[in-house]
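The next block holds one structure in the form of structure tokens; read it before the comments.
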Amino acid sequence: MAFLLRRRHAAAPYLLLAPGIGWLVLFFAVPLYYMAQISLKEGSIDTGYRFTWHFQTYVDAISNYSDQFLRSFEYAGLATVLSLVIAYPLAYVIAFRGGRWRNALLLLVILPFFTTYLVRTLSWETILDDDGWIVHVLQSVGLLGHHGRLLATGTAVVTGITYNFLPFMILPLYASLERIDKRLHEAAYDLYGRRRDVFLRVTLPLSAPGIVAGVLLTFIPAAGDFVNAQLLGTPRQSMIGNVIQSRYLEVTDYPTAAALSFILMAIILVLVLAYAKIAGTEELTGAEGVAA
Amino acid sequence: MTKPPRTEFERRFEAMMNDGLTRRTLVRRGTAGALSISAMAYLAACGSDKLGPRKTSEKVIPKGKIASELVFANWPLYIDVDEKTKKHPTLEMFQKKYGTKVKYIEEINDNNEFFGKVNQQYAQGSSGGRDLHVLTDWMCARMKRLGYVQKLDKTAMPNVVNNIETAVASPDFDPKREFSVPWQSGQVLLIYRKDKIGGDLTSVNELFDPKFKGKVTMLTEMRDTVGSVLLADGVKPEDATLDQVMTAIDKIAKASQDGQIRRFTGNEYTKDILKGDSHAILGWSGDAVQLTADSKNVGYAQPKEGFMIFTDTMQIPVGAPHAYTAEKMMDFVYDPEIQALITAYVNYVPPVKGVKEVLQKSDPELGGSPLIFPDLTNAHNFKTFTPAEETQIDSAFQKAIGA
């Protein structure tokens with residue numbers, strides 16, 4: 001009896017993991033396998049596709065679309081930095097000065113999610129209009145030339161990405177800031193810490209896990225985004241997501257689309273691993289050690 | 001007050017509500033969601049090597065009993081709607097006549113996206129329950145080439161045989177219209193802001209004039225854009241060589257790189273031109289009707305070198321459960337009285353003879369509109385290239401428009 005109980009006990013973690021693993025296998029591992037297979041095929045919709053280990057597709061994809069790859073990482077990087085700069089003070093204020101308004105303020109952060117991504121991006125099209133007031137104001141103070149515009153520029157695309165992914169930065173930052181024990185601040189001040197020192201030596205290190213999580217949550221999807229470049233940019237702003245979409249749907253060049261997806265995934269993986277190495281892996285998983 | 005079915009106020013209100021939501025609207029926007037769905041559908045079965053052509057059956061659809069249900073896949077806002085009941089009067093008339101309930105699904109937002117979605121099903125001989133789909137002629141050509149559609153029994157559709165407009169009756173991919181029956185046609189026109197450019201446009205070449213830099217948009221539909229540019233350079237798109245097409249694409253690519261062309265659009269352009277983000281564009285005639293009704297400042301013109309005409313066309317996919325009834329539907333909308341109801345709502349060019357006469361009585365303004373009943377002597381179609389050439393052209397054009 002005791003033996004059986006023990007066995008059931010041993011199986012429990014695996015049973016609990018089963019739904020998650022099943023999900024990952026079905027919707028991640030299996031599609032990934034097929035994608036890899038497609039990327040190495042040759043042919044067209046008229047002749048059918050044959051598996052031929054055609055690695056040349058990868059070489060061509062990189063040489064044909066290096067511009068869009070670089071642009072994607074440039075835009076995603078800029079948007080991530082901007083998000084961090086905007087989100088940190090906001091999360092800080094909500095966490096430490098929010099008081100009873102905290103939940104209401106958090107709700108405001110999440111509120112845009114109540115409408116769809118596309119509608120939110122389309123509203124930026126209206127905000128940045130050539131004949132809109134923002135453009136007129138910037139023109140009258142001389143920041144934009146007489147024929148200058150915001151819409152259909154790189155600025156618009158980065159603005160759109162920043163806006164759309166901002167909550168992914170704010171929420172993890174808030175979560176890590178909110179966890180900070182206020183007594184640590186009190187202790188720091190008791191020890192004659194100046195505000196700057198308290199922030200740099202107590203608050204900032206303790207919120208590092210939030211920064212790491214926020215950066216990853218923003219940068220990874222932003223690099224693959226194609227909606228913002230599509231709606232707020234011109235062909236000169238097209239990102240790698242636009243290329244994948246067009247190769248897949250417009251040209252029905254499935255192998256190139258699949259190869260591009262793999263290359264994108266590989267680059268992001270390398271960047272994330274490098275980042276984790278620098279930022280420290282324990283912070284990726286929650287940084288218990290720092291607080292203790 | 002000139003239009004009995006819809007007053008000026010209703011028209012404006014509708015335009016406001018539909019802002020950009022005319023025929024091909026969701027084209028780009030929809031792709032986001034569609035991409036993930038079609039990717040899933042594709043992945044779901046792509047392990048098998050079944051992606052590829054089928055053999056076209058030479059047998060026509062056999063006559064049979066009229067079914068009680070018909071599934072009709074079409075583009076959004078591409079059939080008459082009763083504003084009060086939100087139902088489709090012509091489809092209700094079909095039900096009255098044949099007792100068939102039509103399941104009308106507005107699921108097609110883009111030819112390529114729809115192809116991505118159904119490719120797997122059609123390749124395996126299943127229509128996914130659809131009895132009819134409406135796709136642009138060039139995609140219909142691909143559907144036929146891949147053996148994804150059924151051969152029609154023209155003896156079951158006398159209206160089609162008698163009333164089809166000559167201009168759309170024999171495209172190069174289906175000279176006798178044995179695999180396809182046109183639904184609506186449309187013109188590719190110059191549309192512009194008279195107040196911003198201080199006059200009128202007459203030629204597509206003017207879109208390359210530096211004074212409109214950054215204020216020009218063209219269409220993501222390759223044939224509409226490249227065909228119009230070919231015409232402007234004096235090349236007939238129906239006999240263009242691959243080289244000539246590539247030269248035109250280069251010209252477009254350069255204008256895009258220089259910032260002359262602001263962007264390439266589906267019919268989001270209606271919004272851009274009303275807001276003033278664009279001043280001189282290529283657009284579709286059905287939208288021109290709406291745009292000129294919305295704003296006195298919007299003008300349109302058939303390019304003097306000739307204009308492109310596109311035709312969206314009905315086909316019956318392989319494995320359609322109610323193919324015979326679908327033929328009856330094709331025939332039904334070729335009754336000029338029925339077609340006139342659709343034309344009065346969608347404002348595109350009807351492929352059916354006799355509609356003009358019907359409309360001239362019921363709605364003289366529409367009946368006399370050159371947007372709906374154009375002089376077709378200057379109309380041109382894009383040549384059907386071989387699959388390999390088509391891929392090369394598509395690829396170059398996609399690159400020109402940024403991807």
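The values are calculated or read from the model by the stated rules, or taken from the named source; none is laboratory data. Worth saying up front: this structure is predicted, and the values here are computed from it rather than measured. Glycine gets a Cβ as well: all are built from the backbone with ideal geometry, and neighbour counts include every protein chain shown.
Look at the stretch A:48-71: where a residue is without any contact (Cβ under 8 Å) to a residue 24 or more places away in the chain and a partner is of a type in the set (Gly, Ala, Ser), sitting 6+ places away or on another chain with Cβ atoms under 6 Å, you get A:Gly48/B:Gly52; A:Arg50/A:Gly43. Only a single criterion out of (1) modelled with pLDDT of 95 or more; (2) within 14 Å of chain B (Cβ to nearest Cβ) is not satisfied by A:Thr153, namely (1). Beta carbons closer than 6 Å, at least 6 apart along the sequence or on distinct chains, pair a first residue in the stretch A:227-240 that is more than 7 Å from chain B (Cβ to nearest Cβ) with a second that is part of a helix (DSSP H, G or I) and of a type in the set (Lys, Arg) for A:Met239/A:Arg71. Taking the stated definitions as given, is B:Gln315 crowded, with 20+ Cβ neighbours inside 10 Å, out of contact with any His (no Cβ under 9 Å at 6 or more places or on another chain) and under 26 Å from B:Gly99 (Cβ atoms)? It is false that B:Gln315 is crowded, with 20+ Cβ neighbours inside 10 Å, out of contact with any His (no Cβ under 9 Å at 6 or more places or on another chain) and under 26 Å from B:Gly99 (Cβ atoms). Only a single criterion out of (1) over 22 Å from the mean Cα position of the chain (by Cα); (2) within 30 Å of A:Glu42 (Cα to Cα); (3) more than 14 Å from chain B (Cβ to nearest Cβ) is not satisfied by A:Leu249, namely (3).
Here is a yes/no grid of residues against (1) within 14 Å of chain A (Cβ to nearest Cβ); (2) at pLDDT below 95; (3) buried (at least 21 other Cβ atoms within 10 Å of the Cβ):
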site	(1), (2), (3)
B:Ala253	yes, no, no
B:Gln257	yes, yes, no
B:Gly266	yes, yes, yes
B:Asp272	yes, yes, yes
B:Asp277	yes, yes, yes
B:Val289	no, yes, no
B:Ser295	yes, yes, no
B:Phe307	no, no, yes
B:His322	no, no, yes
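Look at A:Val215 and say whether it is under 26 Å from B:Ile261 (Cβ atoms) and not polar (S, T, N, Q). In short, no.
If you go through the stretch B:80-112 and keep only what is among the β-branched types (Val, Ile, Thr) and at pLDDT 95 or above, you end up with B:Thr90, B:Thr100, B:Val102, B:Ile105.
All told, A:Arg102 falls short of being in contact with an Asp or Glu (Cβ under 9 Å, 6 or more places away or on another chain), within 14 Å of chain B (Cβ to nearest Cβ) and surrounded by fewer than 19 Cβ atoms within 10 Å (Cβ to Cβ). For the stretch B:144-162, the criterion of a residue being within 14 Å of chain A (Cβ to nearest Cβ) and crowded, with 23+ Cβ neighbours inside 10 Å is satisfied by at least one position.
Where helices (runs of 4 or more DSSP H) sit wholly within the stretch B:329-375, those with at least 2 residues that are in contact with a strand residue (DSSP E or B) (Cβ under 8 Å, 6 or more places away or on another chain), closer than 19 Å to B:Val102 by Cα and at pLDDT 95 or above occupy B:336-346. Set side by side, the residues A:Arg149, A:Arg102 differ, and just one is of a type in the set (D, E, K, R) and over 30 Å from A:Ala208 (Cα atoms), which is A:Arg149. Within the stretch B:365-403, the set of residues being among the aliphatic types (A, V, I, L, M) and either more than 14 Å from chain A (Cβ to nearest Cβ) or in contact (Cβ under 8 Å) with a residue 40 or more places away in the chain (or both) comprises B:Leu366, B:Leu371, B:Ile372, B:Leu376, B:Ala379, B:Ile393, B:Ala396, B:Ala400, B:Ile401. Within the stretch B:209-251, the residues that satisfy the criterion of being more than 10 Å from chain A (Cβ to nearest Cβ) and in a loop (DSSP other than H, G, I, E, B) are B:Asp209, B:Glu221, B:Asp233, B:Gly234, B:Val235, B:Lys236, B:Pro237, B:Glu238, B:Asp239, B:Ala240, B:Thr241.
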